[in-house]
Amino acid sequence: MTQRILVLPGDGIGPEIVAEAVKILHALQRDHGLDVTLEEGLLGGCAVDATGEPYPARTQAQARAADAILLGAVGGPRYDSLPRPQRPERGLLAIRKDLKLFANLRPAVVFPQLAAASSLKPEVVAGLDILIVRELTGDVYFGEPRGIETRDGERVGINTMIYSESEIRRIAHVAFQAAQKRQGRLCSVDKMNVLETTQLWRDVVCEVAAEYPDVALSHMLVDNAAMQLVRNPKQFDVMVTGNLFGDILSDEASMLTGSIGMLPSASLDADGKGLYEPIHGSAPDIVGRGVANPLATILSLGMMLRYSLGRTDLAERVEAAVSRVLDQGLRTADIARPGEATVGTVAMGDAVVAALG
Ligand code: IPM
Ligand code: MG
């Protein structure tokens, strides 16, 4: 059955990097029997420009009808002064919430060809392969009450950190099942020494653990986890945590790999529908210069093939092609060592297409 893909290029370098991933999609359609239709939509600042809203009704209808969504990036300095409901980031949060994309998978993998690009010593990161499972539709990101109001003659800012046990349970299942397919180790990250929300988090994760006797579960406080990620990152296999801690730890983990320009992500609902995006942002500083690294977006397409389209064979083909272009020595500026020759966005995309075989 033909599957529907919605492409949301977004803002900044989004259109440049998504164009390269779409080239790969077309090559897979042409040469490898991928049966999909593509359609484009607006999300983020470009949607605000066109309609006044970051997640317009038309995009919502397209997203609900799609089997999978490929997103570039949203946001940029032009939009920073907009009222909060019109900020491009609101569009991203809204599509995650609307489609119930509660499970955010953020792998941090060091490609052997790039081990020297990390700011950590190569021996600390060589072979690193961590999966961060971040809860994406709850926590202080969405908790009520929220806002800025006046109390006793001064302004106070309020957000609410809240998790229900059903929210914790469903993300815990995702994380345990991911660990089963990997090295069988899961570390749950919380702040139970201070925050009741995360005491419940720990209690519920322990309850769910009874169903996964083959997974070794450990717990870590978030401050220690942040430290351990730079001290000895290879101790981790799968990490599971809430929305806010996961936001922070996944950026930290990405830097272990040397470039945030290499890291894909998947945001999944309970039925395997997903939104796939590179974890880097819209990179306003390099927009339009043709130098952005498209590999994180191409690897996000790989995750889409695996998790939403049921084509593990093609996911492996895409991943192998990325590895091959790195073996060939192709480097965009963000992953090049000083003095090394670099290629641009389009040349990198073309090389991956050629390496697909
Ligand atoms: C991310 C981003 C988003 C988040 C922003 C852009 C709303 O940082 O996907 O990690 O905080 O979730
Ligand atoms: Mg983030």
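Tell me, yes or no, whether the range 195-208 has at least one residue that is over 21 Å from residue 109 (Cα atoms) and not in a helix (DSSP H, G or I).
yes
Restricting attention to the range 112-149, the residues that are closer than 19 Å to residue 230 by Cβ and outside any strand (DSSP E or B) total 15.
The residues of the range 322-357 that are surrounded by fewer than 21 Cβ atoms within 10 Å (Cβ to Cβ), among the small types (Gly, Ala, Ser) and assigned to a helix (DSSP H, G or I), listed by number, are 323, 333, 347, 351, 354, 355.
When the range 200-240 is examined, which residues are found to be of a type in the set (Asp, Glu) and in contact with a strand residue (DSSP E or B) (Cβ under 7 Å, 6 or more places away or on another chain)?
Initially, the range 200-240 is screened for residues of a type in the set (Asp, Glu), giving 203, 207, 211, 214, 223, 237.
Listed by number, the list holds a single entry, 237.
The set of residues in the range 182-217 being acidic (Asp, Glu) and crowded, with 17+ Cβ neighbours inside 10 Å consists of 190 alone.
Would you point out the residue of the range 54-75, among those that are within 21 Å of residue 141 (Cβ to Cβ) and within 16 Å of ligand 1 (Cβ to nearest atom), that is surrounded by the fewest Cβ atoms within 10 Å (Cβ to Cβ)?
At the first step, the residues of the range 54-75 found to be within 21 Å of residue 141 (Cβ to Cβ) are 54-55, 59-60, 63, 69, 71, 73-75.
Imposing the further condition that a residue be within 16 Å of ligand 1 (Cβ to nearest atom) reduces the set to 54-55, 69, 71, 73-75.
On the way: 54: 29, 55: 27, 69: 26, 71: 26, 73: 32, 74: 30, 75: 23.
Per the stated criteria, the residue is 75.
The residue of the range 76-107 that is farthest from residue 164 (Cα to Cα), among those that are within 13 Å of ligand 1 (Cβ to nearest atom) and among the small types (Gly, Ala, Ser), is 76. Go through the range 98-126 and give me each residue that's of a type outside the set (A, V, I, L, M) and under 19 Å from the mean Cα position of the chain (by Cα). Passing the criteria: 98, 100, 102, 104, 106, 107, 111. Does the range 122-141 include one or more residues that are over 18 Å from residue 236 (Cα atoms), away from ligand 2 (no atom under 16 Å from the Cβ), modelled with pLDDT of 95 or more and out of contact with any Cys (no Cβ under 8 Å at 6 or more places or on another chain)? Among the residues of the range 122-141, not one is over 18 Å from residue 236 (Cα atoms), away from ligand 2 (no atom under 16 Å from the Cβ), modelled with pLDDT of 95 or more and out of contact with any Cys (no Cβ under 8 Å at 6 or more places or on another chain), which makes the answer no. One residue alone among 148, 158, 95 is outside the structural domain of residue 248 (by TED's automatic domain parsing) and in contact with a strand residue (DSSP E or B) (Cβ under 7 Å, 6 or more places away or on another chain), and that residue is 95.
The values are calculated or read from the model by the stated rules, or taken from the named source; none is laboratory data. As the structure is a prediction and not an experimental result, all values here were calculated from the model. No Cβ is skipped: glycine too gets one built from the backbone with ideal geometry, and neighbour counts run over all protein chains shown.
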